[in-house]
Amino acid sequence: MACSNENNKASPSDSSATGHRRVLIALDGSPLSEHAFQWYLANVRREGDLVIAAHILEPPSLPSFSLKKGFSVPADDWREIILANGRAAKQMEEDLLLRAANLKLKLDFIAESHKRPGEALVDIAWRSGCHLVIMATRGLSDVRRAFLGSVSEHVMRHSNLPVCIVPKPPTADPHEAAGSAAAKGH
């Protein structure tokens, strides 16, 4: 399958002629995104795949100033947040490249800063000539998703690629899930 943009033009790096797939996996360092990566390895991986590991850094809000309170986030703290995000992304890249080498998996790591992670993932998938997008979901309720938005839902609605949403892993003990639902009054 060729990756296309909204005008159905072939993406700039279409690799379908070579028979190798490009698979974008959205990774944010969470256990849920790790589960999606493991799911790819166990269920979808093909020899010759190139995995595009995409990590989107949401920039912190700019410090705001109020005459009564001063800066909401001191400029030094804001700068440190940005630097810490960059260090974490670099560490994630190093860890993934080491794991990929051990798994004999071709992997490219892309980290970008963007206020809207869903838009960034759709753009990266198109620019990279991907054939498939795999990502986790937080499993938000309909109400929370309506207010907070959903990155996976945005990607599903705005990408013209197949998008595989990997749900939360089941709990190890089925009684634990039933017990927590009962405790919540469900």
Phi-based couplings in Hz for the stretch 36-46 (Karplus 6.51, -1.76, 1.60; Gly and Pro marked x): 4, 5, 5, 4, 4, 4, 7, 10, 10, 4, 10
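Mind checking the per residue accessible area of the stretch 77-119 for me, 1.4 Å probe, whole number of Å²? Please list the in-between numbers first.
Working: 2990 Å² over 43 residues.
Solvent-accessible surface per residue comes out at 70 Å².
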For Val44, net neighbour charge (Lys/Arg +1, Asp/Glu -1) across residues whose Cβ lies under 15 Å away: +3
So Glu112 and Gln91, fully extended at 0.36 nm per residue minus their Cα-Cα distance, gain in nm 6.1 nm
Ordering of 99-112, 152-165 by burial proxy (mean other Cβ atoms within 10 Å per residue, highest first): 152-165, 99-112
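For Glu153 and Leu98, compute 0.36 nm times the residue count separating them, minus their Cα-Cα distance, and round to one decimal in nm. Each step should come with its number before you reach the end.
Details: separation 55, 0.36 × 55 = 19.80 nm, distance 3.07 nm.
Full extension from Glu153 to Leu98 adds 16.7 nm.
When the chain is fully extended, how far beyond the present Cα-Cα distance does Ala42 get from Glu80, taking 0.36 nm per residue of separation? Display every interim value, and only then the final one.
Details: separation 38, 0.36 × 38 = 13.68 nm, distance 3.77 nm.
Working it through step by step, the gained length comes to 9.9 nm.
The values are calculated or read from the model by the stated rules, or taken from the named source; none is laboratory data. Bear in mind that the values here come from a model prediction, so they are computed numbers and not experimental data. FYI the Cβ positions are ideal-geometry reconstructions off the backbone, even for glycines, and counts take in every protein chain you see. Side chains included, ligands, DNA and RNA excluded: accessible areas come from the protein's heavy atoms. Shrake-Rupley method; radii C 1.70, N 1.55, O 1.52, S 1.80 Å.
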